[in-house]
């Protein structure tokens, strides 16, 4: 015959193994409030220590919000002493923390608890932190998020594993927990505020879920929690698809400078759900937070993609999105096109015979070298390898950013300003300032990655060539 309460212990053990919550040899820090849920998890861990090869210590936070909080603290201390488990206790004036930080007492309590748990886990060398959320908490959370309006993240509810935090009781209902404690004869304390309906979650717990269970469908909480698990799996899959799509259509190389570029040619082909999530992701990357990024902002950017060049949309956190020729440009704090750092390196002609190396602003490497021209050699056709007739170059040789009066020859006789060329080529304004030219004075000899001036093309009269190669990036 099985020991009392073993059915629940086995169910929790199976759930923990299925989700790889712990590994043999690990230490777990258990958040122990003294209520039924955490006391249940406490006794389950006592029963599973040897079987799962784990050890655990407990942590308790006295929020100092009610008179009975001292009673709870003493209960936890006595329980741990009786069972030989080390306990760490923090007393924190949560009401004061809430006032200082402009939070509700619920938010402040959560902040204090998890900061204490994390700090204590580091001190005692615990690899995991276990908290006692259960199936009913999961159902309440999902309903709460649905009522407030949410996306897939909210419909997932509480994750069973997030970073080093584990929730072994998420597959167990409140009624099962209380039956288990009664079966093994374990005492626990009751927070009287849990019976109040001042908080939205308590109203869902005491008024909404009971009606769903009795008048709509028995097992409603279990079904809601199960739906959350399905949504979680779907959400994880969609996150994989999101990051794959981001790798193809988003350029994050200038994220540190407060800018992200979205390539419309690829972006426009995506499913509407993915396109919306990509926009949300880009905004959050610049903002450093997902808070206050709503469907309204996502839709505004989606509309912008179909508007004329130069259109823009202002978003929270000082973020502006502009429509360019082929891109949407997300920028922080009104990034201006002329903010790019001018770049200029003078090349010493005396060193060109041995070769000159220039490191470009984006980390690429440019090599320039002068050599004799072989009429029978095949002229390179690669984008980033060019041969120029060195003897036709006049003026100081430079590798630099474009200037207002730069020009080049688009045929042997006719000149064109580089700025007009960039407009005609539909090069975005922000990209123009970051383009790199090789010039002889104001004569653009080579627009890196684009073209050379017809004036310096090699021909039958060429004796020496300037070979330019760009690598990396």
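Read-outs throughout are calculated quantities, based only on the coordinates presented, and are distinct from any laboratory measurement. Everything quoted here is computed from the prediction, not taken from an experiment. Cβ sites come from the backbone with ideal geometry, for glycine too, and all protein chains shown count toward neighbours.
Observations
- Calculated FRET efficiency, residue 127 to residue 413, Cβ-Cβ distance, R0 = 56 Å: about 0.15 to the nearest 0.05.
- Per residue of the chain, the DSSP helices (runs of n ≥ 4 H) give a summed -39500 (n - 2.57) that works out to -11500 deg cm²/dmol at 222 nm.
- Looking at region 344-471 alone, DSSP beta bridges between its own residues are antiparallel in about 95 percent of cases.
- Measuring how big region 1-87 is from its alpha-carbon positions, Rg and Dmax come out at 14.0, 45 Å.
- DSSP bridge pairs, the chain: antiparallel proportion in percent, nearest 5: 75 percent
- Cβ-Cβ distance of residue 81 and residue 469, R₀ of 56 Å, FRET efficiency by 1/(1 + (r/R0)^6): the value works out to about 0.15.
- Take the Cα radius of gyration of region 103-229 and divide it by 2.2 N^0.38 Å, N being the number of residues; the result is 1.14.
- Taking each residue as 0.36 nm, the span from residue 257 to residue 55 lengthens on full extension beyond its C-alpha to C-alpha distance by 68.1 nm.
- Taking label points 7 Å from Cα along the Cα-to-Cβ direction, residue 394 and residue 344 give a separation of 2.0 nm.
- Here the residues 469, 120, 381, ranked from fewest to most Cβ neighbours within 10 Å of their Cβ, fall in the order 381, 469, 120.
- Contact order relative to length of region 1-146, as percent, for alpha carbon pairs under 8 angstrom and 6 or more apart: 27 percent
- Relative contact order [Cα under 8 Å, 6+ residues apart], the chain, whole percent: 10 percent
- Two-decimal Rg/Rh across region 252-335, once Rg and the Kirkwood Rh are taken from alpha-carbon atoms: 0.91
- Shape of region 6-232, Cα gyration tensor, a/c cut at 1.5: rounded
- Here the simple spin-label model places points 7 Å from the Cα toward Cβ, and for residue 19 and residue 200 these points are separated by 2.4 nm.
- Between the beta carbons of residue 304 and residue 184, assuming R0 = 56 Å, the FRET efficiency works out to 0.35 to the nearest 0.05.
- Additional length obtainable on full extension of the chain from residue 66 to residue 371, 0.36 nm per residue less Cα span: 101.2 nm
- Each of 470, 97 has some number of other Cβ atoms within 10 Å of its Cβ, and from fewest to most they run 97, 470.
- For region 344-471, averaging the sequence separation of C-alpha pairs within contact (under 8 Å, six or more residues apart) and dividing by the residue count gives a relative contact order of 37 percent.
- Of all DSSP beta bridges in region 6-232, antiparallel share, percent nearest 5: 10 percent
- 0 to 90° range, to nearest 10: angle between helix 135-148 axis and the chain longest Cα axis: 50 degrees
- Rounded, prolate or oblate (a/c below 1.5 giving rounded, otherwise prolate when a/b exceeds b/c) for region 283-438 by Cα gyration tensor: prolate
- Fully extending the segment from residue 147 to residue 295, taken as 0.36 nm per residue of separation minus the present Cα-Cα distance, adds 51.7 nm.
- Quarter of the Cα convex hull surface for the chain, i.e. its orientation-mean projected area (nm²): 31.9 nm²
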